[in-house]
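Asks: Got a structure for you, written out below as structure tokens; questions coming shortly.
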Amino acid sequence: MVARVSSIDEAKDRLSRGGVVEVPWSGDNECGMKIQQLLDADALGIPLDEDAGKDIGGFRDLACNDKQANYWFRLARRY
Amino acid sequence: MGVSIATLQLIKAGEQRPREKWRDFIDWFNWVIMETGLYDYRYPVKGAYVWRPYGMKVRRLVESYIRAVHDETGHQEVLFPVFIPYEFLAKESEHIRGFENEVFWVSKGGVGEERLVLRPTSETAIMPMFKLWIKDHTDLPFRVYQIVSVFRAETKATRPMIRLREISMFKEAHTAHANREDAERQVREAVEIYRKIFDYLGVPYLISQRPEWDKFAGAVYTIAFDTIMPDGRTMQIGTVHYLGTNFAKVFDVKYLTPSGNWEYVHTTSYGISERAIAAMIAMHGDDKGLVLPPNVAPIQVVIVPIMYKGTEEAILRESRSIKDELVNAGFRVEIDDRTDRTPGWKYNYWEMMGVPLRIEIGPKDVENRQVVLARRDTLEKYVAPRNEIAEAVRQVLNEISNNLRIRRGHSLNPWLPE
């Protein structure tokens, strides 16, 4: 139940149904914290059980549009 | 070896397991842990709860596996005091910043002026002893672990077994290494150890590197295991930290290198808790109650004699002989011979308790030299020949274990709506 999405609306929609989303992230901490706020979710971090940079080429950071994305960034609503 | 699950006669097909209440996760969880006598959340201190006998039996089985995988990978069990002098907890600046708002203080101990805290985690208890124990490079790597209570003054709402002020089954491992490379090798090994533990419990997980702002206070980086609960929220179930020389420097833990220099050790720590059990309960259960994986079920097989007037003696004798045979074969078995309950009531009861396999024996079965096997995970029933009972039970329990484990292979939580 991990959904890879690249738009804020899609990410919010998936999160409202539960589970984990992966969104494009530059790796910059401030942008990462902004992504948490935008999605009203908690960061789990960067995948270690799969390639965190797979097919990330061409995506922009979800919160900082001027930055190129380098990783998929996991977020969820956490206990 | 004449019997395999494929040759057993299926007499009742599997059903879709009821999972309506289960999706309303917290209510279901609180119901199931109370109703089965695993746990009691009515203790009069917020965030501190009671493990009841059935729960302790499950917990002991889980702990013994945790101990075994640590022991076989070079970790040695220790038991440290719950007290930490405040000045020790405060030595590593990031560490104290992260923990000071949730530390329990010992406000008074007789008439002295000691400033003690209850450990929130044990890095600062262990490091001063590492300093005494580690002399030179031949002492490294140095690996210890303990399973103990730790205390955190949670400000968020507490939840039974999930968000606690006294975490009572904290397995914390602490290791020291000659250099970063060896410490990071240990980090990878710890991840493998945790994979094994969660696989053993049939708990699915994601492994992620936490962002900078959410790493363990005092760590260089933190790797975390998260699982997805039935309501779609995630729960952190394990963490592994590379601590660099952050703690070694403030506690002055050095070792003598082969070339005669003194260098700081690199340390790691990693922890899991009763959340592993909470996740296991969450993952396998349904509206009928618990479903326990056979390897941690206190009762793996329950025998329900179906007694009709005049046949009680024969059926009880047969039940006892089956129990003896299965116990000798190494299974954990009980007979429910209560006379004030109907068989139907007992089926529901043992299904709620999560016993993986039920054996039903009625007069016709004794006559035909057979038994009925009822699976908790699929709700299927089979007929098995009496003379091959131990082998049939072994096959079916294996199948149940595989089924509970395989499902996690399909997707992280296949029951969540797509």
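Here, each number is a calculation from the coordinates, and none is a lab measurement. Because the structure is a prediction, the values reported are computed rather than measured. Using ideal geometry, Cβ is built from the backbone for each residue, glycine included, and neighbour counts are taken over all protein chains shown.
Asks: For the peptides A:2-9, B:109-116, B:224-231, B:173-180, what is the packing order when you average, over each peptide's residues, the other Cβ atoms within 10 Å and list the highest mean first?
Replies: Values: A:2-9: 14.9, B:109-116: 9.5, B:224-231: 24.5, B:173-180: 22.0.
Going from most to least packed, we get B:224-231, B:173-180, A:2-9, B:109-116.
Asks: Follow-up. Relative to the first principal axis of the alpha-carbon coordinates of chain B, what is the inclination of helix B:389-410, with its axis defined by its Cα atoms, in degrees from 0 to 90 and to the nearest 10?
Replies: Tilt of helix B:389-410: around 50 degrees.
Asks: Near the amide H of A:ARG78, under 5 Å away, which other amide H atoms are found, from residues 5 or more places off or on another chain, if H is placed in the peptide plane?
Replies: A:ASP42, B:THR234
Asks: Helix B:53-71 versus the longest principal axis of chain B: what angle, 0 to 90°, nearest 10, using Cα atoms?
Replies: 50 degrees
Asks: When ranked by the protection proxy of mean other Cβ atoms within 10 Å per residue, highest first, what sequence do the peptides B:273-284, B:328-339 form?
Replies: On the way: B:273-284: 24.4, B:328-339: 14.3.
The densest-packed peptide leads the list: B:273-284, B:328-339.
Asks: Under 18 Å between alpha carbons, and skipping anything fewer than 8 positions from A:LYS12 in its own chain: which aspartates and glutamates qualify?
Replies: Within the straight-line cut-off, A:LYS12 pairs with A:GLU22, A:ASP40, A:ASP42, A:ASP61, B:ASP231, B:GLU418.
Asks: Next question, about the same structure. Please list the non-local residues whose amide H lies under 5 Å from the amide H of A:PHE73, H modeled 1.01 Å from N, same-chain partners needing a gap of 5 or more.
Replies: HN-HN under 5 Å from A:PHE73: A:VAL23, A:TRP25.
Asks: Here's a follow-up. State the answer as a single residue: which of B:PHE151, B:ALA248, B:GLY98 lies farthest towards the positive end of the charge dipole of the protein assembly as shown, with beta carbon charges of +1 for Lys and Arg and -1 for Asp and Glu, about the Cα centre.
Replies: Final value for the positive-end residue is B:PHE151.
Asks: Enumerate the lysines that B:LYS288 could reach by cross-link, defined here as Cα to Cα under 16 Å, with residues fewer than 8 away along the same chain left out.
Replies: Within the straight-line cut-off, B:LYS288 pairs with B:LYS21, B:LYS346.
Asks: For the residues B:GLU367, B:GLU325, what sequence is obtained by ranking on other C-beta atoms within 10 Å, fewest first? Provide the component values of the computation, followed by the final result.
Replies: Values: B:GLU367 10, B:GLU325 16.
Neighbour counts put them in this order, fewest first: B:GLU367, B:GLU325.
Asks: Applying the Karplus parametrisation 6.51 cos²θ - 1.76 cosθ + 1.60 with θ = phi - 60° to the phi angles of the stretch B:324-330, what ³J(HN,Hα) value in whole Hz is obtained for each residue in order, glycine and proline being reported as x?
Replies: In residue order, the calculated couplings are 4, 5, 6, 4, 4, 7, x Hz.
Asks: When B:LEU61, B:LEU38, B:LEU79 are ordered from fewest to most other Cβ atoms inside 10 Å of their Cβ, what list results? Provide the component values of the computation, followed by the final result.
Replies: Details: B:LEU61 18, B:LEU38 25, B:LEU79 9.
Least to most surrounded, the residues fall as B:LEU79, B:LEU61, B:LEU38.
Asks: Would you grab the residues whose amide H sits under 5 Å from the one on B:PHE104? Only those 5+ places off in sequence or on another chain, please, with H modelled 1.01 Å from N.
Replies: Amide H to amide H, under 5 Å and 5 or more residues apart or across chains, B:PHE104 pairs with B:LEU118, B:ALA153.
Asks: Taking other Cβ within 10 Å of each residue's Cβ, how do B:HIS241, B:HIS95 sort, fewest first? Don't skip to the end; give the middle numbers.
Replies: Values: B:HIS241 26, B:HIS95 23.
Ascending Cβ contact count within 10 Å gives the list B:HIS95, B:HIS241.
Asks: Spelling out what I want: for every residue of the stretch B:349-355, take phi, set θ = phi - 60°, compute 6.51 cos²θ - 1.76 cosθ + 1.60 (Karplus), and round to whole Hz; glycine and proline get x.
Replies: 3J(HN,Hα) across the stretch B:349-355, in whole Hz: 4, 6, 5, 4, 6, x, 4.
Asks: Spelling out what I want: for every residue of the stretch B:85-95, take phi, set θ = phi - 60°, compute 6.51 cos²θ - 1.76 cosθ + 1.60 (Karplus), and round to whole Hz; glycine and proline get x.
Replies: Taking θ as phi minus 60°, the curve returns x, 4, 5, 6, 4, 8, 5, 8, 5, 5, 4 Hz for the stretch B:85-95.
Asks: Could you work out [θ]222 nm for chain B from helices alone, using -39500 (n - 2.57) per DSSP H run of at least four and dividing by all its residues? Round to the nearest 500 deg cm²/dmol. Intermediate results must be reported in sequence, preceding the final value.
Replies: Working: 13 runs with 148 residues, N = 418.
Per the formula, -11000 deg cm²/dmol.
Asks: Another question, if that's okay. At most 11 other Cβ atoms within 10 Å and a DSSP loop assignment: could you name the GluC sites (Glu not before Pro) in the stretch B:13-57 that fit? Don't skip to the answer; put the middle values down first.
Replies: Details: sites: B:GLU15, B:GLU20, B:GLU35; in loops: B:GLU15.
Of the GluC sites (Glu not before Pro), the ones in loops of the stretch B:13-57 whose Cβ has at most 11 other Cβ atoms within 10 Å are B:GLU15.
Asks: Same structure again: Would you calculate, for chain A, the mean residue ellipticity at 222 nm contributed by helices, counting each DSSP H stretch of 4 or more residues as -39,500 (n - 2.57) and dividing by all residues, to the nearest 500?
Replies: Values: 2 runs with 20 residues, N = 79.
About -7500 deg cm²/dmol.
Asks: Need the C-alpha centroid separation for the stretch A:1-77 versus the stretch B:292-309, integer Å.
Replies: 47 Å
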